[in-house]
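One structure is given below, encoded as structure tokens.
The values are calculated or read from the model by the stated rules, or taken from the named source; none is laboratory data. Just so you know, these numbers come straight off a predicted model, no measurement behind them. Positions of Cβ are generated from backbone atoms using ideal geometry, with glycine treated the same way; all protein chains shown enter the neighbour counts.
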Amino acid sequence: MAKMLTGAGKAASPKRRGEENHRVRVGRERSARTRRQLLDSVLVMYSSETSSAPTMIDDIVKHAGVSRGTFYTHFDTVEQIVAEAGSMLADEMVGDARLVFEGLESAMARTATGILLFLTRALFDEHWGGFIVRAGLLREENPLSQDIRADIARGVEAGQYSVRNALAASDMIFGTVVEAILRINQGHRSTRYIRDIAEMVLHALGVDSAEADHVVAQSFERLTRIAPTQLNWWKNLHGAS
């Protein structure tokens, strides 16, 4: 096996190799932290409907506290960092949904829980909500949209939903969630509002009002019970009545 050489062909000592490995590890960790700072900053800056691409890089690096050169070390364009941030959030959304859906068999409960989950996240974090809407993540084809359509089909098969077109129904759900996020960011920051949205969606899918109210109440209670130990972004809902 070839030896690591230093200086005039001498093998590096274990101590020297350890120091070099430490420097490499520290450098990688620092680079990863900087990249995450940039991604977190683009979530904040891009979430504003008034932000514009020509000034975005300066806004991002100023918020992240790094130079333009550092930005270009990690990304080539604003579009690239937005795409990576969007991919990161999309994966996170799917992961969160599948965590809270675990053990749920009822299509109605899954639909209600999904709506409550994402609107509660928007309630907690306006930048998250703004980015989701502006980047169009809820309009893209992904595992989450596939799960939604599967739940609609399951609900129709079980006689819970009265829907002729699962694609139209899923578009209705995502469109409603997008508009609700915009409304939340305009100041309608209450759990009563997001519960009303979930109830209205179930009603639009063919569930009678009394049952929709019951399903949403149960789903909300379950979500607030399990989410604090499952989701790292979850906060206390006190004051958001």
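Taking interchain pairs and intrachain pairs at least six residues apart, which have beta carbon atoms under 9 angstrom, with the first residue in the range 59-78 and within 9 Å of Leu38 (Cα to Cα) and in the same structural domain as Ser41 (by TED's automatic domain parsing) and the second among the aromatic types (Phe, Trp, Tyr) and part of a helix (DSSP H, G or I)?
Ile60/Tyr46; Ile60/Phe71; Val61/Phe71; Ala64/Phe71
Every residue in the range 62-74 that is surrounded by fewer than 20 Cβ atoms within 10 Å (Cβ to Cβ) and of a type in the set (A, V, I, L, M, F, W, C), please.
Hit for the range 62-74 is Val66, nothing else.
If you take the residues in the range 92-116 that are within 11 Å of the chain's Cα centre (by Cα) and farther than 25 Å from Gly159 by Cβ, which one is surrounded by the fewest Cβ atoms within 10 Å (Cβ to Cβ)?
Among residues in the range 92-116 that are within 11 Å of the chain's Cα centre (by Cα) and farther than 25 Å from Gly159 by Cβ, the one surrounded by the fewest Cβ atoms within 10 Å (Cβ to Cβ) is Gly95.
Identify all residues within the range 184-195 that are surrounded by 15 or more Cβ atoms within 10 Å (Cβ to Cβ), over 18 Å from the mean Cα position of the chain (by Cα) and in a helix (DSSP H, G or I); write none if there are none.
Result: Thr191, Tyr193, Arg195.
Of the conditions (1) on the phi > 0 side of the Ramachandran plot; (2) in contact (Cβ under 8 Å) with a residue 40 or more places away in the chain, Ile152 satisfies every one except a single condition; which number is it?
(1)
Of everything in the range 46-56 that's surrounded by 13 or more Cβ atoms within 10 Å (Cβ to Cβ) and farther than 13 Å from Glu79 by Cα, which residue is modelled with the highest pLDDT?
The initial filter retains those residues of the range 46-56 that are surrounded by 13 or more Cβ atoms within 10 Å (Cβ to Cβ), namely 46-48, 51, 56.
Still in the list and also farther than 13 Å from Glu79 by Cα: 47-48, 51.
Working: Ser47: 79, Ser48: 70, Ser51: 50.
Once the filter is applied, the top-ranked residue is Ser47.
Are there any pairs with C-beta distances below 6 angstrom linking a residue in the range 186-206 that is assigned by TED's automatic domain parsing to the domain that holds Ile152 to a residue that is crowded, with 16+ Cβ neighbours inside 10 Å and of a type in the set (Ser, Thr, Tyr), with the two at least 6 apart or on different chains, and if so which?
Every condition considered, the pairs that remain are Val201/Thr176; Leu205/Tyr161; Gly206/Tyr161.
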